[in-house]
Structures are given as structure tokens and as C-alpha cells.
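Structure, as C-alpha cells:
A short reminder: the numbers here are calculations on the coordinates, not readings from a lab. None of the values given here were measured: they were computed from a predicted structure. A quick note on method: Cβ atoms are made from the backbone with ideal geometry, for glycine too, and the neighbour counts reach across all protein chains shown.
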Amino acid sequence: MANEQETPKKKPNRVLPIVLGVILVAGIIFGIKEYIYYSKHIDTDDAQIDGDISPVVARVGGYVDSVFFQENQHVEKGQVLVKLDDRDYKVKLEEALAAKQSANAGVGVGQSQIIGTQANSSSARAQVASAQARLEQANNDYARYANLVKDGSVTQQQFDQVKANRDVAEATYRAAQDQYRAALEQVGTTRNQLKVTNVGVTQRQADVDYAKLQLSYTTITAPSSGVTSKKNIQIGQLVQPGQTLFSIVNDNSVYITANFKETQLTNLKDGQKVNIDVDAYPDMKLHGEVYNFSPATGAKFSLLPPDNATGNYVKVVQRVPVKIKINAGKDTLAMLRPGMSVSVSVIYKD
């Protein structure tokens, strides 16, 4: 028999267990770190920069006369940006001023009429007093002649003449009283007419104020300081009331809208610290704080909110918008633009 050759024994591979052990230890360490991290933080990458954007709307119609800004230009609050052709509005203001002047003239005429009617009433009152004195004299003469005609001291003709004078005096007195009452009524009527004229003056003043207001709207100023955007006008263009001309992204008004899952809201509260990572600036580390919560989920504010009453119900975790205030300087905030994507991490436990 041939001698059997002895096969050498293979040495055990010790590298694989070491590698597996290292991987296991690294996995355990990673898991512990993740557990510790998520036990104190709530993260989401469904977040973006938001900001206050003011649309500038034409309040009156007209042709654009001048434009004093460029697209993406920084402007200050109150700065004149657009001038509309204001000639039509100046004419309307002149018409309103002329109508007011006419109404003021009517007030002057009414006051003069009051003075005239008051003078007439004074004259009528004097005539009443004079007629009353003549009537008293005529009554005295009548009483005296009535006694004299009985004993024949005066003739019947003389007595009749005195009686006629008394009747004339009575009629004159009644006529004077009627004229005095008419004069007083005329004074009251003239005063009422003056009140109506004064109301007209007030209305004309309101027309003047409105015309001035419309004229002021032809000069369009910046409602806030910021950067212009969405410029939709050119010189010579006809704009209509309510038309959006451009928008202004307000300075230092940026914030973050983070859409957290409804299951993440349990430990979220106002004032909690937030770490912020901006996708556009990987090296920028920002900090902020939870400011407030939306009163409804994002789906409820959508154009066609889901209606679960139809029976086609599929439970989907909803998201609630949370506003986060950014704690940074003006220079840093100026680098951020509404719409940029960010990731946020809320520290809810120290």
C-alpha cells in the first residue's frame, strides 16, 4: 500500500470575526447615539424659508408715466416707485374745488338773505307797534265821541267819521301783525335754506377730499422696505384699479415653515430651541425657536381638501405647519430667500 500523505491543517481565519465584531460594536454605538439623539430631538426636512411678501396694487387706473425702480432692487418704505398720468385726476380736483367755491358763495348769499329778512322783521315789528298806537288813539276817540253824540255835543257825521277811523286802525293793526308773522317765517325759512346750503358745502368738501385722495393714488410708493420682484409694468402701460404691479419681499421678515407630522407634535411647544441647516449654505449653522403652530393641517388649507365622508378613507399621517423664528443678524437674514429648503431639529429635552 502506498503511504498516505498527511494533509496540512488550515489555520482559522481570525480577521472575519474581528471585522464582524468591529461592525457590531460600531452598530451598537451608532444605535445608542441615534437613540440618545432622537430622545431629545424632533427632526424634519419638510421645511422651507418663508417671508412676508407685500403685493403692490394700483388703487386707481391710468397710464404709467414713470417707473423709478428696477427688478430685484432694494427700496425703502415710502420711496416713490411708480407715477401714473395724473392729468385727469387734477381736472376732477379742480371741478371739486369749483363746486366747493360755488357752495361757499351760496352760504354767503344765504347769510345776506338772513340779514335782509331779519331787517324786514324788525321793520314789520315797528309797523305793528305804530299800528297799535294808532288803534289805541282811535279807540279813545271813538269812546269819547260816543258819549258826546248822546248829548248832542257833536254831530252824527263827526261820530261816524271817528268810528270809520277806528275801523281803519283795527284793519291796519291786523295787517301789520300778519306782515310781522310772515317776516318771522321768512327768517326761519332762510335759516333752513342756509342749513341745507351748509350741508352742500360739507358734501363739496368731501368731494374735494376724495379727489385729492384719488390724485394721491397716482403716486405709488413702497409699502415697506425690501427687494422688489415680479415687476409687471412698463412706461405707457394702462393699469386698472386692483391690478398687481409688483411685489416687495420685506426686509428681515424671513422665517421658517416646517411641516411636522401630527405624531411629532406631542412634545413640541412654543419657545423650544431649533437647529437649522440650509441646503443652499451647507456650512451655515443657524439657530431659532418654535414660534407658533398652524390652527389646521396643510391638507385643510388645500384647494380641494380631502373628504373622508365619501367612504374612500385611507388613513394618512397629516402634517401641521409650524412657524420657526430665526435668530440671526441682518446680514445673515439677507442671504436667505423665501422658498429655500432647510432641515430643522427641535430640541425638546435638554
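Sorting check: for 327-335, 82-90, 240-248, which peptide has the highest mean count of neighbouring beta carbons within 10 Å, and how do the rest follow?
Going by the mean number of other Cβ atoms within 10 Å, highest first, we get 82-90, 240-248, 327-335.
Going by how many other Cβ atoms sit within 10 Å of their own, how do Leu213, Leu336, Leu24 line up, fewest first?
Leu24, Leu213, Leu336
Going by how many other beta carbons lie within 10 Å of each one, how would you line up His287, His41, fewest first?
His287, His41
Counting only other residues whose beta carbon sits under 15 Å from that of Val342, what net charge do I get with K and R as +1, D and E as -1?
Surrounding charge for Val342 is -4.
At a 10 Å Cβ-Cβ cut-off, how would you order Phe260, Phe301, fewest neighbours first?
Fewest-to-most Cβ neighbours within 10 Å comes out as Phe301, Phe260.
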